[in-house]
Amino acid sequence: MAGTKAGGAKAAATNKAKYGKDFYSRIGQKGGKNGTTGGFAANRELAKIAGQKGGRISRRGPATTKIPMTEESEESKIEVRVA
């Protein structure tokens, strides 16, 4: 009965019988204790440097903004480059 609600209940009962009634609470505790912020959250200067590197090698063109004229049609819009 793998993948069914009844199969899941049997698996839970087996895990609790093998490893104790607090099996799932111990798993949850491990996950909660493991949650430390890493990566760029720890070092803002490193994040700044990485962003600068990515911006320099970006192949994306300069940003443009479309300003609508009096009529709401595609022909009446112009593009303005924002630096």
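The values are calculated or read from the model by the stated rules, or taken from the named source; none is laboratory data. As the structure is a computational prediction, the values presented were derived from the model and not from experiment. All Cβ positions, even for glycine, are placed from backbone atoms using ideal geometry, and neighbour counts span all protein chains on display.
Each row is one residue, and each column tells you yes or no for (1) more than 30 Å from GLU79 (Cβ to Cβ); (2) at pLDDT 95 or above; (3) of a type in the set (S, T, N, Q).
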| site | (1), (2), (3) |
| --- | --- |
| MET1 | yes, no, no |
| SER25 | yes, no, yes |
| THR37 | yes, no, yes |
| LEU46 | yes, no, no |
| ARG59 | no, no, no |
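Pairs meeting the criteria (first residue in the stretch 41-67 and without any contact (Cβ under 8 Å) to a residue 24 or more places away in the chain and among the β-branched types (Val, Ile, Thr), second residue surrounded by 10 or more Cβ atoms within 10 Å (Cβ to Cβ) and part of a helix (DSSP H, G or I), beta carbons under 8 Å, at least 6 apart or on different chains) are lacking.
Just for the stretch 1-24: of the residues that are surrounded by fewer than 10 Cβ atoms within 10 Å (Cβ to Cβ) and not charged (D, E, K, R), which one is farthest from the chain's Cα centre (by Cα)?
So, considering only residues that are surrounded by fewer than 10 Cβ atoms within 10 Å (Cβ to Cβ) and not charged (D, E, K, R), the one farthest from the chain's Cα centre (by Cα) is ALA6.
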